[in-house]
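Asker: Dropping a structure here in structure tokens format, bear with me for questions.
The values are calculated or read from the model by the stated rules, or taken from the named source; none is laboratory data. Remember, it's a predicted structure, so these values are computed and weren't measured experimentally. With ideal geometry, Cβ positions are generated from the backbone for all residues, glycine too; neighbour counts draw on all protein chains shown. Heads up: the accessible areas ignore ligands, DNA and RNA and are worked out on the full protein's heavy atoms, side chains in. Shrake-Rupley method; radii C 1.70, N 1.55, O 1.52, S 1.80 Å.
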Amino acid sequence: MIVARQMDARDFADLIVDNFDEMLLQSKSQPLVMGIALHPYIVGQPYRLRHLRRALQHIVRKKKSVWLTTPGKICDFVSRKSGTDHD
């Protein structure tokens, strides 16, 4: 979004927060997964990093309502539930 749509870091952080909040509401009726694609060279710039930090802190504050995890952990969970091995 920052590169392709020329979005500034503040708007990108707002996008993450708004998307998270909306998905959190929707997740009351169905399980959802929210991925955030980050490229360290782009978002790791100091003037962008503070905005990303703000968005991630917003998400972490609600961690009792969500599962903060990795794709591998999701795969492990689904494999255990279904009784299959993902290797």
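Asker: Using the beta-carbon distance between VAL60 and ASP11 and R0 = 22 Å, what value does 1/(1 + (r/R0)^6) give for FRET efficiency, to the nearest 0.05?
Answerer: After rounding, the FRET efficiency stands at 0.60.
Asker: What does the charge dipole of the chain about its Cα centre add up to, to the nearest 20 debye, if the Cβ of each Lys and Arg holds +1 and the Cβ of each Asp and Glu holds -1?
Answerer: I would put it at about 400 debye.
Asker: Follow-up. Ignoring ligands, DNA and RNA, what accessible area per residue does the range 1-73 give at 1.4 Å, in Å²?
Answerer: 78
Asker: What does the accessible area of SER65 come to, in Å² to the nearest 10, when a probe of 1.4 Å is used?
Answerer: 80
Asker: Using a probe of 1.4 angstrom, how much of the accessible area of the range 31-87 is carbon and sulfur, in percent?
Answerer: About 59 percent, which is the carbon plus sulfur part of the accessible surface.
Asker: Evaluate E = 1/(1 + (r/R0)^6) for ARG50 and ASP18, where r is the Cβ-Cβ distance and R0 equals 22 Å; express this FRET efficiency to the nearest 0.05.
Answerer: 0.75
Asker: Can you compute the helix-only [θ] at 222 nm over the chain? Use -39500 (n - 2.57) per DSSP H run of at least 4 residues, normalise by all residues, nearest 500 deg cm²/dmol.
Answerer: -17500 deg cm²/dmol
Asker: Sorted by accessible area (1.4 Å probe), largest first, how do VAL60, VAL66, VAL43 line up?
Answerer: VAL60, VAL66, VAL43
Asker: Would you kindly state how much longer the chain becomes between THR70 and LEU38 on full extension, computed as 0.36 nm times their sequence separation minus their alpha carbon distance, in nm to one decimal?
Answerer: 10.1 nm
Asker: OK, next. Tell me the accessible surface of PHE20 in square angstrom (1.4 angstrom probe, heavy atoms of protein chains only), to the nearest ten.
Answerer: In the full protein context, PHE20 sits at about 20 Å².
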